[in-house]
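Novice: The structure is given below, and queries will be raised subsequently.
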Amino acid sequence: MKKISRRQFLQVSAGAAAGIVAVACTPSSTPPTAPTTAPVAEPAAAATAVPPTAAAEAPAVAASKYKEAPMLAELVQAGKLPPVEERLPVNPKLVQSLPPEWLDQEVGQYGGTYRLAGPGIQYDNDGYMMCETPLLNTPGILGDNIQPNLFETFEANEDNTVFTATLRKGLKWSDGQPVTTRDIAFVWEDWYGNEELAPSGPPAWLRAGTKATGEPMKLEVVDDYTVIWSFTQPYGGFPVNLAIGGWHAYDLLMQPRHYLEQFHKKYADPAKLEQLIAEGKFETWTQLFFNKYDNAWNYMQARTIDCPKLSPWILKEANDQRTVLERNPYYFKVDADGQQLPYVDRIEFETVTDPEVLAVKQFAGETDYGAEVVTMPKIALYKANEEKGNYNLKFGNIHRTAGAIFVNMTYNDENWRRVVQDIRFRKALNMAINRMEVIDAVYYGYAEPTDMVPNEFSEEGAMALLDEMGLDKKDAEGFRLGPDGKTFTILIEPHNDFWDHGPVAQLASQFWNKVGIKTSVKPLTGALWGPKVNANELQATVLFDVSTLWYYQAYGFDLWGSLWNTWRATGGKEGEEPPQIVKDLYDKVASVMVVPPSEGRAVAKECEKMIYDSVWYFPISINHKQPRIENKRLGNVTSNEMAFSIAQTLAMEQAFYRA
């Protein structure tokens, strides 16, 4: 197949597509409101990137110079809200959510609504990222430029075993209650330290060596604002994990104690707690507790509407058709002119389950932003409708690989295991994949073949390996027989909530059928896919992985070795003990975060070499571009194609509508 350039594809396809979709007149977003107060003197400079072992920043602006959105000023005048100076921390965070080389940041203006749409019910990937709020910050999600965020200072000792963190004095939850170290102690002592809420104790990333078997960290509360975390082994990547690793937000280490205590057996009045359990139709107090707390993933769910938060926007309305969030009046960031962020007043999300209807709404300009919901097969139409839809189509780097293929080596069938655990079989399947065909057919040339595994395409070579391992006998249709004398088959069940996973699975089945491995495809929705993964019931699947981020190194362990990964995650209490070569990979991956970021990248490369040598799964491509659409009036949005699209989504508290 001849490959055309991305520019050629857009030029040719856009012309052909221009007349396909009729778009309505572009509806305008809520008009922005210009600042009502005069500019103030130049503030102190923002803190520059600092080593992850020591983070601090300069004061933002003088407390008397802060400004607020008109909608909040009205509430202050009505006596329904304290003045902005009393709502902000003593030293607010001076916003810098993207690296300076990616964005020449402007001082924005208040007002407007982000209109989002997608298939989720009380959930949206883009909206989730807009509200993600970590304890530390790494502009652009690079992982090696750690800065303060909710913490004002963060320091490490020389061997990275002891970390001292200080909260911003005056930081408040969205209900106006102060944030203190009691909120941190509550999570550590009363959540992770409670056997009913956390039977296995704290997660691996809060243990020595980032292993499930590691010694849990120790927490010392110094005063209302300062805590000391200590580990029995060096943990150079701990600041990275607080900023971005695992998409960790503040909620994994800090929760509103004053709110959640009423749902905790240790603190609640027993009679009142039983009443709440009965009213909610729960069986236990732990079910009630987990139903009420807020985390980054459930922020749009109606059940969390009363839980105080620290995000830029907070939930105001939620049902299965529509979700509305409004600005958090106690949000802790300001811009260079002392304006409290976010600039945009509201987020309105509409559930649109039909992808064709969603696309038409996007083409018509009925949404203002989209990254995760913008699909490659329609990029020509997105380009053709840019002007009518009043949006810009942009391409940024994607933070993950695209559809990778996984074959489960712990599927509960001995005949199956005997075949797939033979490295010659995995090398054969890998060699049978024509990656350039997948890149052209599914990703329209917006990617390159992977270097995570060998990239030699040879049907002859694949068949020779299969013959060598004893799969040389065939049935009447020409498909290979397994060790049990029966036709060896693979069923690929891709996660079909992602537009590309089904097509990748279909092409993989064609490639493998050609070399004699009988393969079929049965797409699954996320609701069916997840339980089958957890039950070790998938033979093979397609999903992305996050190995592209050096600090993440998520190689789909639960997909190509489900029971082995359960053993790893539970410290050997459940699942099956893997072979030593797999244990070695687990250990190497865990060590990425043990060393400082300056060394972590090199360790990540060692992990990739181990994946390459054993071909544990079959990634297809690297260096993907991710399309996204943005309302043309949006300011403080990057056009740098080297920027991760998701980094822009994480920075939307600093975007604004131009008048």
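The values are calculated or read from the model by the stated rules, or taken from the named source; none is laboratory data. Keep in mind the model is a prediction, meaning the values are calculated, not measured. FYI the Cβ positions are ideal-geometry reconstructions off the backbone, even for glycines, and counts take in every protein chain you see. The accessibility values were calculated without ligands, DNA or RNA, using every heavy atom of the protein model including side chains. Shrake-Rupley method; radii C 1.70, N 1.55, O 1.52, S 1.80 Å.
Novice: Return the carbon/sulfur percentage of the accessible area of the range 121-231, one whole number, probe 1.4 Å, all protein chains in place.
Specialist: The computed percentage sits at 45.
Novice: Classify the range 304-460: rounded, prolate or oblate, from the alpha-carbon gyration tensor (a ≥ b ≥ c, eigenvalue square roots; a/c under 1.5 rounded; otherwise prolate if a/b is larger than b/c)?
Specialist: prolate
Novice: Suppose accessible area is computed on protein heavy atoms with a 1.4 Å probe; arrange R480, R400, R424 from highest to lowest.
Specialist: Highest to lowest solvent-accessible surface, that is R424, R400, R480.
Novice: Let me ask something else about it. Classify the range 97-168: rounded, prolate or oblate, from the alpha-carbon gyration tensor (a ≥ b ≥ c, eigenvalue square roots; a/c under 1.5 rounded; otherwise prolate if a/b is larger than b/c)?
Specialist: prolate
Novice: With an 8 Å cut-off on Cα pairs and a minimum separation of 6 or more residues, tell me the relative contact order of the range 316-375 in percent.
Specialist: Relative contact order comes out at 28 percent.
Novice: Would you calculate, for the chain, the mean residue ellipticity at 222 nm contributed by helices, counting each DSSP H stretch of 4 or more residues as -39,500 (n - 2.57) and dividing by all residues, to the nearest 500?
Specialist: Rounded to the nearest 500, it is -8000 deg cm²/dmol.
Novice: Name the long-range amide H neighbours of L543: under 5 Å, sequence gap of 5 or more, or other chain; modelled H, no Pro or chain starts.
Specialist: Here A404, F406 satisfy the definition.
Novice: With bins 10 Å wide starting at 0, give me the P(r) of the range 210-333 over every alpha carbon pair, in whole percents.
Specialist: 11, 31, 34, 21, 3
Novice: Taking a threshold of 25 Å on the Cα-Cα distance, which of the pairs K272/K292; K265/K292; K378/K427; K309/K532 fall above it?
Specialist: In this structure, K378/K427; K309/K532 exceed 25 Å between Cα atoms.
Novice: Per residue, what accessible area does the chain have, given a 1.4 Å probe and all protein chains present, in Å²?
Specialist: 40
Novice: Not counting the cut sites, what is the longest span of the chain without GluC sites (Glu not before Pro) that DSSP labels loop and that have at most 16 other Cβ atoms within 10 Å?
Specialist: After excluding every exposed loop site, the longest remaining stretch is 284-455.
Novice: So, one more: Taking Rg/Rh (Cα atoms, Kirkwood Rh) as the quantity of interest, determine which of (i) 0.96; (ii) 0.98; (iii) 1.17 was computed from the displayed structure.
Specialist: Comparing each candidate, only (ii) matches the computed number.
Novice: Short version: ³J(HN,Hα) in whole Hz for each residue of the range 470-486, in order, from phi by Karplus 6.51 cos²θ - 1.76 cosθ + 1.60 (θ = phi - 60°), x for Gly and Pro, what are they?
Specialist: x, 9, 9, 8, 10, 8, 5, 8, x, 8, 6, 8, x, x, 8, x, 9
Novice: Considering only protein heavy atoms and a 1.4 Å probe, what is the carbon-and-sulfur percentage of the accessible area of the range 382-514?
Specialist: Heavy-atom surface of the range 382-514 belonging to carbon and sulfur, 1.4 Å probe: 44 percent.
Novice: Write out the trypsin sites (Lys or Arg not before Pro) in the range 189-235 meeting two conditions: DSSP loop, and at most 12 other Cβ atoms within 10 Å of their Cβ.
Specialist: Qualifying residues, ordered by number: none.
Novice: Please tell me the relative contact order of the range 150-190 in percent, rounded to the nearest whole number, where contacts are Cα pairs under 8 Å and at least six residues apart.
Specialist: 27
Novice: Also, quick follow-up: Can you work out the Karplus-derived ³J(HN,Hα) for every residue in the range 400-414? Use 6.51 cos²θ - 1.76 cosθ + 1.60 with θ = phi - 60°, whole Hz, and x for glycine or proline.
Specialist: For the range 400-414, the Karplus-derived couplings read 9, 6, 8, x, 9, 9, 10, 10, 7, 7, 10, 4, 7, 7, 5 Hz, x marking Gly and Pro.
Novice: Rounded to the nearest 10 Å², what accessible area does S200 show when all protein chains are kept and the probe is 1.4 Å?
Specialist: The accessible area of S200 comes to roughly 80 Å².
Novice: Picking from Y343, W229, A602, whose Cα lies most toward the positive end of the charge dipole for the chain (charges on Cβ: Lys, Arg +1; Asp, Glu -1)?
Specialist: Sorting the options by dipole projection puts first Y343.
Novice: Apply the membrane-span-like helix rule to the chain: whole DSSP H runs, Cα extent along the own long axis of at least 27 Å, mean Kyte-Doolittle hydropathy at least 1.0. List the helices found.
Specialist: Span-like helices, by this rule, are absent here.
Novice: Take the alpha-carbon positions of the range 79-229, form their convex hull, and give its projected area averaged over all directions (one quarter of the hull surface) in nm².
Specialist: The directionally averaged projection comes out at 13.2 nm².
Novice: Please get the size of the charge dipole for the range 160-306, origin at its Cα centre, with Cβ charges of +1 on Lys and Arg and -1 on Asp and Glu, quoted in debye to the nearest 20.
Specialist: It works out to roughly 340 debye.
Novice: To continue, here is another question. Mind running the shape call on the range 145-238? Use the C-alpha gyration tensor, a ≥ b ≥ c as the square roots of the eigenvalues: rounded below 1.5 for a/c, prolate if a/b tops b/c, oblate otherwise.
Specialist: oblate
Novice: Here is a follow-up. How many angstrom lie between the C-alpha centres of the range 84-144 and the range 226-277?
Specialist: Here the answer is 22 Å between Cα centres.
Novice: Within the accessible area of the range 251-350, what % is carbon and sulfur when the probe is 1.4 Å and the other protein chains stay in place?
Specialist: Reported share for carbon and sulfur atoms: 47 percent.
Novice: Same structure again: Report relative contact order for the chain in percent, whole number only (criteria: Cα-Cα under 8 Å, sequence separation at least 6).
Specialist: Computed value for the chain: 20 percent relative contact order.
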